[in-house]
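Bear in mind that the values in this text are calculations on the coordinates, not laboratory data. If you're wondering where the values come from, they're calculated on a predicted model, not measured in any experiment. Methodologically, a virtual Cβ is constructed for each residue, glycine included, from the backbone with ideal geometry; neighbour enumeration extends over all protein chains shown.
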C-alpha cells in the first residue's frame, strides 16, 4: 500500500494562499486523502491553492481528476490551483495529457505565489497554429467525472455517444490517422467543424482518446501507423 504525506501552510496577505506540500504517490488509494484536505480548504473559503509536488513521482488519473474537477467553482470564487515543483516524469505526463490547457505549472512555490492575480486564461500558451487557438474554457470542465471517474473508481466511457456521438468519434479517429500529432484542442476544433451536431467538447475528445488508449501522442502515432500500413 502506497503512503502519502500532506502538509498545509498559509502565505500571502491575510494568509489567503494555501500551500499544500505532497510527498508520495497520488493514486486511487491515496487520492482521497488529498481530496479531503482540499475539501476542508474550500469549506474555509480558501480558494487560492498551490500544490507543491516536489515529493511526488507519480500521479494517476484519479489524482489529476481531483486537481481539476472543481476548478470552475474555484475560479468563480476568485481562486485557482497552481502546480509547483513537478519532477520531470510528472511534468511529462502533465504535458502529454495536455493539462497545461487547464492548470498553470511553476518551477517553484515562489513563482506560483507571484502568479496569483493573473487571469486564468493566460495558462496554456504553447499553441502551434491557428487551429489550436481554441482553448479549454471553465464552462467545459464540469463533465470531467464522466470521463475520469471519481477517485478510487475506474471509469471510462463505454458508449461512444457519451463522448459526443458516433460521428464525433469517427471524425476524431480519422483525424488522428491523418496526423497523430494533433493536440486535444486541435481535435476539438476539427470535430466541431466536421461534425457540428455532435456538440463535442474538450472532455468529449479526452474521453474518446482515453477509451481508445490514445491519450499519449506516441500511442496516437502507433495507431496512425497501423492504419497507414493497412491502407
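Put the Cα centre of the stretch 42-94 next to the Cα centre of the stretch 173-220 and the gap is 24 Å.
Relative contact order, whole percent, for the stretch 1-81 stands at 32, derived from Cα pairs under 8 Å and 6 or more residues apart.
Viscosity 1.002 mPa s, temperature 20 °C: Stokes-Einstein D of the stretch 4-122 from its Kirkwood Cα radius, in µm² per second? Translational D for this selection: 152 µm²/s.
At a temperature of 10 °C and a viscosity of 1.306 mPa s, determine how fast the stretch 170-222 diffuses translationally according to Stokes-Einstein, using the Kirkwood radius over alpha-carbon pairs as Rh; express D in µm²/s, rounded to the nearest whole number. Diffusion coefficient, whole number: 148 µm²/s. Each of the peptides 196-203, 184-191 was scored by the mean count of other Cβ atoms within 10 Å over its residues; in descending order, highest first, they stand as 184-191, 196-203.
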